[in-house]
Amino acid sequence: MDIRARVGLADPIEAMKHQVDSLLDAAEIFEPPVDIELLASMSRVRRIELLEMAEAGRLVPHEGAYVVHVNQRHPETKQRFTVAHEVGHTFFDAASRSPRGLTDPATGLFDLRNEEEYLCDIGAAHTLLNRRWLEPLAREVRPSLDGLIDLAGTCRASLEATAIQLSQLGLWYCTFAFLEPGLRKAERLAAGQAALPGWGDVAGPVEKLRVRRVYGPPGVPFLPLNKSVPASSQIWRAYDEQTRTEGEELLDLGHSVMRAYTQSIYAPYYDETGTQRHRVIACVVWERGRSGRGPTPRSRP
Ligand SMILES: [Zn+2]
């Protein structure tokens, strides 16, 4: 059943958030961390089972209700997001007597091409990082990497999910960048050709640390996707030395160069295939956010 019709809201995103808020109210949950097992049990989920599986999660019909399967290899924050996502699916057939079964290869991708999956990711983020507590907590903390890490810990949510929700709140004048080493598309193609027979001794291009995903409120300078950071930067040093760095630096936005205070941490993660990936998470506090003055774009030398 269409959840918009059930809650009487035309906007499907608002309808999903309304469903989550109603469930939190019914469970009397007013602060983090959310008791995700309680919310699941109130949504006809009889059991949550951690299993060896390739997918992130599954919603399995069981005696007129559900069992949720969760990938036991995923970090706890990811597992909580997946359970919240599966709870979101139950909203779509809350009135049905024969629950559907669903398999989720991945959760948290916010894929616009599949409305129900997209709404369940919105619902999961809204469950773990609800504005009711995220907003007052964010007001107490200065925009910073430590602030992000603290809030994610308080809500027992992933750093990336927390960065997304903080950006949507719009209270912090900063950008969160998730960087990974890699090649530009043209270089990847060239590297593929270089691997052909007869080209084996051609030196391949060197991977650079590139912006893979970036989150910030409207109006905040935006780091271009796939842009690499120079080896002289604090962000690079966090990657190169697998450590934590901070300091003032000039960041090239493509059309201008801006001064910012960056805090970066080397934070590897395991991707969907179980492979460990290098990653740096950077909190970029732009000059205006620190001084209260307007942005000071500098032309390129
Ligand atoms: Zn799903």
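A few remarks follow.
- Filtered residue count, segment 79-101, keeping only those that are touching a strand residue (DSSP E or B) at 6+ places or on another chain (Cβ under 8 Å), modelled with pLDDT of 90 or more and surrounded by 20 or more Cβ atoms within 10 Å (Cβ to Cβ): 8
- Of L137, L179, all but one fail to be open to solvent by 20 Å² or more (accessible area, probe 1.4 Å) and away from the ligand (no atom under 16 Å from the Cβ); the exception is L137.
- Qualifying residue in segment 90-98 (condition: closer than 29 Å to H278 by Cα and within 11 Å of the ligand (Cβ to nearest atom)): no
- Check on Q79, more than 16 Å from the ligand (Cβ to nearest atom) and polar (S, T, N, Q): no
- Some residue of segment 37-49 being open to solvent by less than 50 Å² (accessible area, probe 1.4 Å), assigned to a helix (DSSP H, G or I) and within 18 Å of T90 (Cβ to Cβ): yes
- Scanning segment 118-134 for residues that are within 14 Å of the ligand (Cβ to nearest atom) and open to solvent by 40 Å² or more (accessible area, probe 1.4 Å) returns a single hit, Y118.
- Elements of type strands (runs of 3 or more DSSP E) in segment 64-183, at least 1 residues being out of contact with any Gly (no Cβ under 8 Å at 6 or more places or on another chain) and closer than 30 Å to V45 by Cα: 65-71, 102-104
The values are calculated or read from the model by the stated rules, or taken from the named source; none is laboratory data. On a predicted model such as this, the values are computed, not experimentally measured, just so you know. Cβ atoms come from the backbone with ideal geometry, glycine included; neighbour counts cover every protein chain shown. Heads up: the accessible areas ignore ligands, DNA and RNA and are worked out on the full protein's heavy atoms, side chains in. Shrake-Rupley method; radii C 1.70, N 1.55, O 1.52, S 1.80 Å.
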